[in-house]
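Take a look at the structure below.
Throughout, read-outs are computed from the coordinates displayed, never taken from laboratory work. Worth saying up front: this structure is predicted, and the values here are computed from it rather than measured. Every residue, glycine among them, receives a Cβ derived from its backbone with ideal geometry; neighbour counts consider all protein chains shown.
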Amino acid sequence: MVQAEKQRSPLRIYLDIIDAINEEGQARPTHILYKANLSYDRLVKYLDDLAAKGLVEVRQEKDTKYYVLTPKGVKFLIELKRAEAFIKGFGFSL
């Protein structure tokens with residue numbers, strides 16, 4: 001019997017999105033969508049939430065929308081990675 005794949009926690013999804021943005025310094029929604037493995041609707045919901053919390057900001061250049069991490073978002077990424085390493089040390093995952 002094949003075990004069903006475990007669903008990602010919202011925290012894991014936030015981390016995947018922030019990682020995708022951090023990887024490039026700025027990222028278009030389609031890049032984030034592929035890297036974070038999300039549907040467009042779910043991506044928009046999470047990006048709106050991250051923007052409302054002040055972790056990402058939207059930049060518009062001509063017809064292209066980009067997302068960048070704010071200083072608060074960079075700090076969140078660093079602390080979340082630190083917490084993830086701590087949690088993994090006990091055999092758990094986000």
Over region 21-45, the set of residues among the small types (Gly, Ala, Ser) and within 15 Å of Glu57 (Cβ to Cβ) is Gly25, Ala27
Of Asp16, Asp63, which residue is of a type in the set (D, E, K, R), within 20 Å of Glu84 (Cα to Cα) and out of contact with any strand residue (DSSP E or B) (no Cβ under 7 Å at 6 or more places or on another chain)?
Asp16
Quick one: would you say Ala20 is in contact (Cβ under 8 Å) with a residue 12 or more places away in the chain and touching a His at 6+ places or on another chain (Cβ under 7 Å)?
yes
Hey, among Lys53, Lys45, Lys72, which residue is within 25 Å of Lys6 (Cα to Cα) and of a type in the set (Lys, Arg)?
Lys45
Failed item in (1) in contact with a helix residue (DSSP H, G or I) (Cβ under 9 Å, 6 or more places away or on another chain); (2) within 17 Å of Ser9 (Cα to Cα); (3) not hydroxyl-bearing (Ser, Thr, Tyr), with Lys45 passing the rest
(1)
